[in-house]
Amino acid sequence: MSDSTAQTRVLSGKKTALITGASRGIGRAIALELGKMGANVCINYLSNETAAKEVVELLKHEYGTQTIAIAADVSKGAEVERLFSGDATDIRASADLSKQCRDYPRLIFCCV
């Protein structure tokens with residue numbers, strides 16, 4: 001890893017980002033930037049699973065980011081609770097990242 005790459009990965013091993021609306025637009029751009037900086041990234045989406053999975057694959061392949069996509073409507077309290085509880089099927093596939101999403105001091109939360 002070059003010095004410039006190491007400098008841009010300042011969040012590596014330190015932060016997990018949960019970004020709502022991360023499958024498209026500004027949320028996607030934020031997810032990619034935080035992944036580039038080394039943060040683990042939880043991609044939250046409402047309905048566009050294909051776009052969310054594209055962001056996940058891009059983060060994994062371009063930056064080696066630990067990332068998952070989680071479907072949840074953040075306007076509904078029960079789904080927000082599920083988002084943080086680790087009960088969602090898509091979260092169980094990545095238990096370590098799910099645990100980090102519940103570790104609030106390490107969490108970067110971005111609602112777009």
Filtering strands (runs of 3 or more DSSP E) wholly in the chain for at least 2 residues that are in contact with a Lys or Arg (Cβ under 7 Å, 6 or more places away or on another chain) and modelled with pLDDT of 90 or more gives none
Taking the residues in segment 60-76 that are surrounded by 14 or more Cβ atoms within 10 Å (Cβ to Cβ) and hydroxyl-bearing (Ser, Thr, Tyr) as candidates, determine which candidate is farthest from residue 38 (Cα to Cα).
67
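The values are calculated or read from the model by the stated rules, or taken from the named source; none is laboratory data. Predicted model only: the values in this text are computed from it and were never measured. All Cβ positions, even for glycine, are placed from backbone atoms using ideal geometry, and neighbour counts span all protein chains on display.
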